[in-house]
Amino acid sequence: MVPATTLTPAIREEIARLGRADIMVGIPSFKNAATIGYVVRAAHAGLVQYFPDLKPVLVNSDAGSPDGTQRVVIETEPPDYVERILLVRPTNRLDRVTLTYPEIDGVGGKGAALRTIFEIAAALDVQALVVVDSDLRSIVPEWIELLAGPILKGGYDFVAPLYARYKYDGTITNTVTYPLTRALYGHRIRQPIGGDFGVSGDLVRHYLELDDWTDDISKFGIDIWMTTSALTAGFAVCQTRLGAKVHDPKDPGSDLGPMFRQVVGTILELAAAHPDAWLNIRGSHDVPAYGFERIIDPPPLEVNAIRLLDEFHEGSITVADTWRRTLARENADMVLELADEAGKAAEKASRTLGVGGEGGSGASAPTTIEMAEALGSFHFPDDLWARCIYDLIVATRRGDVETGPLVAALVPIYFGRVGSFVIENRHLTTSAAEERVERQAREFELLKPYLVERWRALDADGAGA
Ligand SMILES: Nc1nc2c(ncn2[C@@H]2O[C@H](COP(=O)(O)OP(=O)(O)O)[C@@H](O)[C@H]2O)c(=O)[nH]1
Ligand SMILES: [Mg+2]
């Protein structure tokens, strides 16, 4: 569906007041009062510092946060050097706008926030739109140049971020969106859902013309939808080196379930809808990167690996039926066997470390590495994971299980896969763990014929019916 143009009268008035702009920074937010001020300062400085001849605008698209996020956006002062040194030319005065975005068919979320940002960018006829997250701690003014430069100077339409991330950060990216985007469409985009993007005016207009919007895209499906839609329509894509991504951290076991369902539901549906964009692609190629290389150690992140394996095992009790209906038989068998092993490993580790079933309260929680040691040799193979994802593309096309329950049933398997990654890589540096991510991506490419074969078998069934 094409979402109805839902701009409120207040937003329309704002657009009329602004008239037009050359470059826009859009910031979605939901209860980010503590961090958004920093992001606004960095973006403000970046706009006037790097693009002094362009008319800039900054738009915050907020969920109606009760914590004063919008007030912070308006009241935050730009860095003093902007006022004292850079603003010698009044043309650079920055228009800074904050608004509460309308929901789309009753659904709000990051995607709905960005939809409003796209509509404003199109209405103002900007050449480049930069979107950045409001919980960023590591953004600096240069990010604006790094994200908009390839569009304004290099003629690109879509700029994806490249960051140094700690080995356990970005697990949805590492296990699904990176290897799958690469194997399906052939572009090695390392961070397809990084959240910080540059988009050309042409691509913004293309986004607004697409008619495949869903509730998941109104939420966290938006990032993979932006990336995939740029690729399937043949827009020029590149990457840009931003350094470290430091933001509000999330533990994959406790915070990432809903996000996983929205992101993976979206990537599966897009794959099922665009076979012409991937059926004939073999292998993959590098995607050019802009910006100077960085050497940084991203900050570490703790993961409750016991809980991940517990949840995997739990899945074999609650959603095994869906596994059987959506995975190829031999894959479902192997997954069930692994879930059983995961349950035993988690139980044993909990006993060894003296933690209660629910992660233990009171006594200090064991560290990631202690848990990984205690879990021992549990291993979820790369090729089985790739086959599972491919089975689900085919199942999405068949449609006899809806995408919602299908991806919900994948969550425990993903937990098992991430648990295995943490266990195997516990002694590795982040750059050595990166090699494991690459190995898994190559496995996706290697097994692509498995997907194509199953997809074509379905074509044949359809023809015979
Ligand atoms: N407007 C709006 N923004 C949201 C919502 N949920 C998340 N965001 C914003 O989307 C960005 C990314 O969200 P975050 O929770 O940090 O996700 P992650 O960093 O991708 O794991 C942040 O700027 C959030 O403020 C929402 O419901 N509405
Ligand atoms: Mg974040």
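The values are calculated or read from the model by the stated rules, or taken from the named source; none is laboratory data. In this text the structure is predicted, and so the values were computed from the model without any measurement. Quick reminder, even Gly has a Cβ in these numbers, built from the backbone with ideal geometry, and neighbours come from all protein chains shown.
Scanning region 279-299 turns up at least one residue that is within 24 Å of Ala365 (Cα to Cα) and either touching a Gly at 6+ places or on another chain (Cβ under 8 Å) or within 16 Å of ligand 2 (Cβ to nearest atom) (or both). Thr98: of a type in the set (Ser, Thr, Tyr) and within 14 Å of ligand 1 (Cβ to nearest atom), yes or no? Yes; evaluated as a whole, the condition is true for this residue.
The single condition among (1) under 26 Å from Arg442 (Cα atoms); (2) in contact (Cβ under 8 Å) with a residue 12 or more places away in the chain; (3) over 22 Å from the mean Cα position of the chain (by Cα) that Glu330 does not satisfy is (2).
Looking across region 144-201 at every residue that is over 13 Å from the mean Cα position of the chain (by Cα), of a type in the set (A, V, I, L, M, F, W, C) and not in a helix (DSSP H, G or I), the one that is farthest from Asp383 (Cα to Cα) is identified as Val199.
Answer yes or no: is there a residue in region 61-70 that is farther than 20 Å from Leu129 by Cα, modelled with pLDDT of 95 or more and either touching a Lys or Arg at 6+ places or on another chain (Cβ under 6 Å) or part of a strand (DSSP E or B) (or both). Scanning region 61-70, I find at least one residue that is farther than 20 Å from Leu129 by Cα, modelled with pLDDT of 95 or more and either touching a Lys or Arg at 6+ places or on another chain (Cβ under 6 Å) or part of a strand (DSSP E or B) (or both), so the answer is yes. Here is the figure for region 227-250: residues that are farther than 17 Å from Pro150 by Cβ and in contact (Cβ under 8 Å) with a residue 12 or more places away in the chain total 10. A single entry from Leu428, Leu353, Leu406 fulfils the requirement of being in contact with a Leu (Cβ under 8 Å, 6 or more places away or on another chain) and among the aliphatic types (A, V, I, L, M): Leu406.
Scanning region 251-271 for residues that are over 13 Å from the mean Cα position of the chain (by Cα) and either free of Cβ contacts under 8 Å to residues at least 24 places away in the same chain or part of a loop (DSSP other than H, G, I, E, B) (or both) yields Asp251, Asp255. Only a single criterion out of (1) among the hydrophobic types (A, V, I, L, M, F, W, C); (2) within 14 Å of ligand 1 (Cβ to nearest atom); (3) surrounded by fewer than 24 Cβ atoms within 10 Å (Cβ to Cβ) is not satisfied by Ile217, namely (3). Condition check for Leu242 on (1) closer than 20 Å to Asn32 by Cβ; (2) more than 16 Å from ligand 2 (Cβ to nearest atom): one failure, at (2).
Of all residues in region 34-60, those satisfying the criterion of being free of Cβ contacts under 8 Å to residues at least 40 places away in the same chain and either part of a helix (DSSP H, G or I) or in contact with a His (Cβ under 6 Å, 6 or more places away or on another chain) (or both) are Ala34, Gly37, Arg41. Only a single criterion out of (1) without any contact (Cβ under 8 Å) to a residue 60 or more places away in the chain; (2) of a type outside the set (Phe, Trp, Tyr); (3) in contact with a Pro (Cβ under 8 Å, 6 or more places away or on another chain); (4) away from ligand 2 (no atom under 16 Å from the Cβ) is not satisfied by Ile224, namely (4).
Kindly indicate whether Leu256 is assigned by TED's automatic domain parsing to the domain that holds Ala164 and within 14 Å of ligand 1 (Cβ to nearest atom). Answer is yes for this residue. Of all residues assigned to region 3-18, none qualifies as being at pLDDT 95 or above, assigned by TED's automatic domain parsing to the domain that holds Ser200 and crowded, with 19+ Cβ neighbours inside 10 Å.
Consider Ala112 carefully, then state whether it is hydrophobic (A, V, I, L, M, F, W, C), under 23 Å from Arg12 (Cβ atoms), within 10 Å of ligand 1 (Cβ to nearest atom) and out of contact with any Leu (no Cβ under 6 Å at 6 or more places or on another chain). It is true that Ala112 is hydrophobic (A, V, I, L, M, F, W, C), under 23 Å from Arg12 (Cβ atoms), within 10 Å of ligand 1 (Cβ to nearest atom) and out of contact with any Leu (no Cβ under 6 Å at 6 or more places or on another chain). Please work out if Gly155 is touching a residue at least 24 places away in the same chain (Cβ under 8 Å), over 28 Å from Asp297 (Cβ atoms) and surrounded by fewer than 23 Cβ atoms within 10 Å (Cβ to Cβ). Considered against the rule, which asks whether it is touching a residue at least 24 places away in the same chain (Cβ under 8 Å), over 28 Å from Asp297 (Cβ atoms) and surrounded by fewer than 23 Cβ atoms within 10 Å (Cβ to Cβ), Gly155 comes out as yes.
Note on region 443-457: residues that are surrounded by 13 or more Cβ atoms within 10 Å (Cβ to Cβ) and in a helix (DSSP H, G or I) amount to 10.
Scanning region 398-433 for residues that are surrounded by fewer than 18 Cβ atoms within 10 Å (Cβ to Cβ), over 20 Å from the mean Cα position of the chain (by Cα), part of a helix (DSSP H, G or I) and not acidic (Asp, Glu) yields Arg398, Pro405, Ser431, Ala432. Looking only at residues of region 114-131 that are surrounded by fewer than 24 Cβ atoms within 10 Å (Cβ to Cβ) and in a loop (DSSP other than H, G, I, E, B), we find that the one that is farthest from ligand 2 (Cβ to nearest atom) is Asp125. Restricting Asp22, Asp53, Asp62 to residues that are within 16 Å of ligand 2 (Cβ to nearest atom) and among the acidic types (Asp, Glu) narrows the list to Asp62.
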